[in-house]
Amino acid sequence: MSELSVEHLLGIKYLNPNDIDVIFKTADHFKEVINRPIKKVPSLRDITIANLFFENSTRTKLSFELAEKRLSADVINFSAGQSSVKKGETLIDTVNNILAMKVDIIVMRHGNVGAGVFLSKHVDAKIINAGDGTHEHPTQALLDSYSIREKLGTVKGKKIVIIGDVLHSRVALSNIFALQLQGAQVKVCGPTTLIPKHIASLGVTVETNLKKALEWCDVANVLRVQHERMDIKYFPSTREYTQLYGINQEILDNLGKKIVIMHPGPINRGVEITSDVADSNDSIILNQVENGVAVRMAVIYLLAQQIKR
């Protein structure tokens, strides 16, 4: 089957293994396209896409915009900071005004959990969730899995540890769902204050010792500490966090094996990861960025195929 079982991309938890396979096979094709001298295809010439970002974003927004343009779609960019949302306009009114301009697909990042699901029930357009609060970030998880598959040949049977601020991370939850769908084993590692209380119910094991977690894993996906989402102190100091959970080259050299290092960005260099690790041959951080465009092209293309003309 070469089509998606879902009408929107709201979260990984709504996908099945076949969906992930279809997205990756389509992304393989687009990865080849974006490495050609002419990087555009006319696939979505008659499609209009609106990027609605109610929260700040640099990498995700740029990646989506580039993906859309590579597919030859018409693109509208909307930033809540300069909009009527500041004047009290509701989400539905904002979106309906944009849809009146005949928009087919909406890519939305919003601070509220479930904003994409809410929107999908009220508007007649395809919705792609580009991050909802601390809940899900499905395209990031897809590009992470795609990058592991590219590096190691498969995700099935691999041991992946997600290290850092799991509590405030939408990347972590989407990654857990995506990796388990593909048959990987998942651990999380960090201070107990930054690990969600009920995470074991997702079939994930918790390891508070960084060295043990790294000795166990094939891949370490390192998350930054999201200070902007914290209203209380979750650990004594950044320095202490770095001493206990920061990854440096010395730690990796002492493992006696090679592991793959990933990071969804933005990186706080010298806090959760040192520059020599981030820029090393074991790191696939820049591959993740490149793969993000191909994976987002795939998701947009596959959803656009469902649009009735």
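Candidates N287, N281, N291: the one that is over 30 Å from S2 (Cα atoms) and either surrounded by fewer than 21 Cβ atoms within 10 Å (Cβ to Cβ) or in contact (Cβ under 8 Å) with a residue 24 or more places away in the chain (or both) is N281. Criterion first (within 22 Å of N175 (Cβ to Cβ), β-branched (V, I, T) and modelled with pLDDT of 95 or more) does V204 satisfy it? Spelling it out, V204 is indeed within 22 Å of N175 (Cβ to Cβ), β-branched (V, I, T) and modelled with pLDDT of 95 or more. Residue-level check: of (1) farther than 18 Å from A125 by Cβ; (2) in contact with a strand residue (DSSP E or B) (Cβ under 9 Å, 6 or more places away or on another chain); (3) assigned to a loop (DSSP other than H, G, I, E, B), T60 misses just (3). Residues in the stretch 171-201 that are buried (at least 20 other Cβ atoms within 10 Å of the Cβ), modelled with pLDDT under 95 and among the hydroxyl-bearing types (S, T, Y): there are none.
Does L255 satisfy the criteria of being at pLDDT 95 or above, part of a loop (DSSP other than H, G, I, E, B) and not charged (D, E, K, R)? Yes: the conditions hold for L255.
When the residues of the stretch 105-131 are filtered to those that are in contact (Cβ under 8 Å) with a residue 40 or more places away in the chain and of a type outside the set (A, V, I, L, M, F, W, C), which remaining residue is nearest to N51 (Cα to Cα)? Step by step, filter the stretch 105-131, then rank; the result is R109.
Taking the stretch 2-45 as the search range and keeping residues that are acidic (D, E), surrounded by fewer than 20 Cβ atoms within 10 Å (Cβ to Cβ) and in contact with a helix residue (DSSP H, G or I) (Cβ under 9 Å, 6 or more places away or on another chain), which one is farthest from L303 (Cα to Cα)? The residue in question is E32.
Of the candidates K13, K102, K69, K31, the single residue that is touching a strand residue (DSSP E or B) at 6+ places or on another chain (Cβ under 7 Å), touching a residue at least 40 places away in the same chain (Cβ under 8 Å) and of a type in the set (D, E, K, R) is K102.
The values are calculated or read from the model by the stated rules, or taken from the named source; none is laboratory data. Bear in mind the structure is a predicted one, so any value in this text is a computation, not a measurement. So basically every Cβ, Gly included, is an ideal-geometry build from the backbone, and we count neighbours across all protein chains shown.
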